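I have placed the structure first, in the form of structure tokens, so that the comments after it can refer back to it.
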Amino acid sequence: MKDRHGREIDYLRISITDRCNLRCTYCMPEEGIEQQLRHEDLLSYEEILRLARCFAALGIRKIKLTGGEPLVRLGCCDLVRQLKALPGIEQVTITTNGVLLAEMAEDLIAAGIDGINVSLDTVEREIFAQITRRDYFDKVMAGLERVKALRFPNLKINCVPIVQFNGDQIVKLAQQAQDYPLAVRFIELMPIGLGSTYTAVSKEDIMKLLTDAFGPLQPYEEKLGNGPAEYYSLPGFQGKIGFIGAIHNKFCGQCNRVRLTSNGFLKLCLNQKKGMELLPLLRSGCDDSALQAAITDMILQKPLEHHFYDKEYAEDTDSRQMFQVGG
Ligand code: SAM
Ligand code: SF4
């Protein structure tokens, strides 16, 4: 469906848990989540499927599973299989920290997953432990190797370059795209939750590092994925390099997505709190047409643009953290 600004909304990101097996410094506090959601406050898989069916009827075609860490929720692969079977849903993808990927990759692929994004901010064990506060680097690398060994075609590595942690990892991370046709994407840090206490490495600095190391970056015009990433080719690379810059390359005019948190909040913009609690409605005994009407009404109210760093809009800013929303 179109929102009132004429944007086609066909992409839904569903956070299936607020729990995580890492504690990335820029995302989660060391001690974990203060107020973990109670099991009964989470959307059950049946509720997620019902909502997905309603969203599909309204024109959602692509779904991304996220979290917290989606692979820690039991039955995640079955959910993928069931979402894939819904009429209208063309693509189901996942974003994961990769810790459980080695053991789950085969099941995910058998369930029909269309894309796997692995978040990885460094290729060095010590830096990984500093950033994530966990010693799981080998597990993540094994996960990536497993997916590659299965020759899965739609693999992406997402990195958030942060001056304080991994500014010196850019070239080594990009190298992951040299010998396998995967995309390494550099995502601009957003001032959400703990992220607001760190400094993003600029796209210009990243491009200079890559050009010095590998030669000129050539813009790649073909469409890859569902989002706003800009892609480039590098000489001798099988894969691509991508940039997603929500702050410095504002893409709100092309925004095609809405989000569902693990406790059923329909979130219209990453930055703003406007949205709707769907859980009470879901559990009130209402039928699907009432749910669809509520969702339609909300999507029509999707804000035109984000206002990160704009004090005038401070009141509209959402206080949800990234691990609650899923990126
Ligand atoms: N746990 C999964 C993972 O790490 O891929 C899914 C959820 S995580 C919140 C999704 C993505 O958001 C990760 O790639 C993470 O690096 C990114 N992220 C977290 N905080 C961020 C911030 N403040 N700005 C930009 N990206 C952020
Ligand atoms: Fe967990 Fe992903 Fe947040 Fe890291 S970025 S703490 S892996 S939710």
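Some points to look at:
- Residues being modelled with pLDDT of 95 or more, surrounded by 19 or more Cβ atoms within 10 Å (Cβ to Cβ) and in contact with a Cys (Cβ under 9 Å, 6 or more places away or on another chain) are entirely absent from segment 196-206.
- Pairs meeting the criteria (first residue in segment 90-117 and closer than 18 Å to D138 by Cα, second residue open to solvent by 40 Å² or more (accessible area, probe 1.4 Å) and in a strand (DSSP E or B), beta carbons under 9 Å, at least 6 apart or on different chains) are T96/S119; N97/S119; G98/S119.
- Count of residues meeting criterion [part of a helix (DSSP H, G or I), among the polar types (S, T, N, Q) and touching a residue at least 60 places away in the same chain (Cβ under 8 Å)] in segment 172-210: 2
- If you go through segment 168-195 and pick out every residue that is open to solvent by 40 Å² or more (accessible area, probe 1.4 Å) and either within 16 Å of ligand 2 (Cβ to nearest atom) or touching a strand residue (DSSP E or B) at 6+ places or on another chain (Cβ under 9 Å) (or both), you end up with 3.
- Filtered residue count, segment 52-99, keeping only those that are open to solvent by 40 Å² or more (accessible area, probe 1.4 Å) and closer than 24 Å to Q36 by Cβ: 3
- Screening L79, L65, L108 for residues that are touching a Phe, Trp or Tyr at 6+ places or on another chain (Cβ under 6 Å), hydrophobic (A, V, I, L, M, F, W, C) and farther than 14 Å from N21 by Cβ leaves exactly one candidate, L79.
- Filtered residues of segment 1-22 (kept if in a strand (DSSP E or B) and in contact with a Gly (Cβ under 7 Å, 6 or more places away or on another chain)): R13, S15
- The condition (being modelled with pLDDT of 95 or more, touching a Gly at 6+ places or on another chain (Cβ under 7 Å) and at positive phi) is satisfied by just one residue among G98, G75, G112: G98.
The values are calculated or read from the model by the stated rules, or taken from the named source; none is laboratory data. Please read all numbers here as calculations on a predicted model, not as lab measurements. Reconstructed Cβ throughout: ideal geometry from the backbone, glycine too, with neighbour counts over all protein chains shown. For the accessible areas, the whole protein counts, side chains as well, though only heavy atoms, and no ligand, DNA or RNA atoms are used. Shrake-Rupley method; radii C 1.70, N 1.55, O 1.52, S 1.80 Å.
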